[in-house]
Every structure is written in structure tokens, then in C-alpha cells.
1. Residue 198 to residue 23: FRET efficiency via 1/(1 + (r/R0)^6), r the Cβ-Cβ distance, R0 41 Å, to the nearest 0.05?
2. In the chain, how many lysine pairs have Cα atoms under 23 Å apart, counting only pairs 8 or more places apart or on different chains?
3. Would you please state which residues of segment 85-120 a label at residue 154 would reach in this model, taking the label point 7 Å out along Cα→Cβ and a backbone N cut-off of under 11 Å?
4. Between residue 48 and residue 8, 0.36 nm times their residue separation minus their Cα-Cα distance comes to what?
5. Please grab the % of Cα pairs in segment 102-174 that end up more than 18 Å from each other.
6. Gaussian network model of the chain, Cα springs within a sub-10 Å range: biggest mean-square fluctuation belongs to which of 152, 185, 50?
7. Given the C-alpha atoms of the chain, compute the convex hull and give its volume per residue in Å³.
8. DSSP H helices in the chain with Cα extent of 20 Å or more along the helix axis and mean Kyte-Doolittle hydropathy at least 1.6?
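Please treat every number below as a calculation from the coordinates, not as lab data. For clarity, every value in this text was computed on a predicted model and none was experimentally measured. Note that we place each Cβ from the backbone using ideal geometry, even for glycine, and neighbour counts take in every protein chain shown.
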Amino acid sequence: MWRGILIETKEAILTRRSVRSYEDRTLPAELLEEILEAGTYAPSAVNYQPWYFVAVQSQEAMEKLTGIMGRVSRKIEPSLQERFPTHPEVVAETTGFIRRLGNAPVCILAFALKPDYPKTAETIAQSVAAGIENMLLAATDRGLGSCWLTAPVETGMAAELRDTFAPGKGELLAVVTLGYAAQTPKAPPRKAGRYTII
């Protein structure tokens, strides 16, 4: 059962941030379960519910995860340098976050459960993404920080994470860090001209 003070949906959307630094505080088990359950209530194509979430929190599992993410960080650095040629501090901050995952107490690995859904991979990915967004908003609602990252996918290392943490559970689509925010970044400006009404 969900407990605590719930904030308005609009406020959760507007105050959600990509948090990259976390306090050294453990998440209560019931709170983590609420976040995961929120993910399972997302809409999905033809109600396949094609997600599988693995919450990594034990010290041993987290050490395995950060070991892999250290290699992900090194592989993605050249593309970040290309994207931010005049902002080396952004490259350093981003690679540092990927490597240590902001010292988050929990990381959720999001998988597309199986390869043989009679829908396109893009459709299934959209369904899993809806589950991820539900978890991000639920985390914000409960006073937690989170960050959605796809660096393992971008660097071709998603299969290693799958084989390490969820063999047989499908393709890794994203990693979500979760915990109590050590700092809350400002929202970047929204780009204009990104919708129309006809």
C-alpha cells in the first residue's frame, strides 16, 4: 500500500531532475517496492507488460555493476568529448557519474523481457520506457532523486549487464539510479518549438 504525502502530478513532472549525486542513506524496502510497482503499472503495447526490472542494492552486486560501468565510462568518453568540445568539465562530471553511478544506494536495470514479442523492438522499448518514467515520477513524489541513463546501450555493453544480472530476461534498455539526492540540479532550459497544435 502506498503511504506518505503525495504531490500533484504536475509538480512531480516539473520538479523531477536527473540527480547524479546521492546521500549515503539506505532506501527502505517498502519504498523501493513502491517505486518498482509504479513501473509495472505503466501502459504497454497490447498489454504485454514487457518489462523486467532488477534492483541492484547489495554491496557485492553494486561492486559488480560499478566495475562494468567503469568500462562503460571509458568507452563513452570520446563521444562526450565530441558532443561537448568546449566543456571538459561536463565530460568529467558525466564520466565520473557513469563510473560510480553517483554513489546511489540502488540502481534499477530495465530489460525488455523477451525477444519474441509480435511487436517491433521500438514498440516494446516504448512500453519499457513508460515503466521507467512511472518509476522516475514515483521517486520524485516520494522525495527521492533518480537518473535515467543509457550509456551501456550506447557503448555496446548492455549484454554484459544482462548476462551478469538477469540472464535470460531480455535486452537491457536502461539503468536508473535511485536514492536521496545529495544535490538537486536546476532544470535545463526547455527547447522551443517542440510541439504544435493543429
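1. E between residue 198 and residue 23, to the nearest 0.05, is 0.35.
2. Taking the chain as the scope, the lysine pair count is 6.
3. Under 11 Å, as judged by backbone N against the label point of residue 154, lie 91, 94-95, 98 of segment 85-120.
4. 11.5 nm
5. Value for segment 102-174: 44 percent of Cα pairs lie more than 18 Å apart.
6. So, out of 152, 185, 50, the one fluctuating most is 185.
7. So the per-residue hull volume is 152 Å³.
8. none
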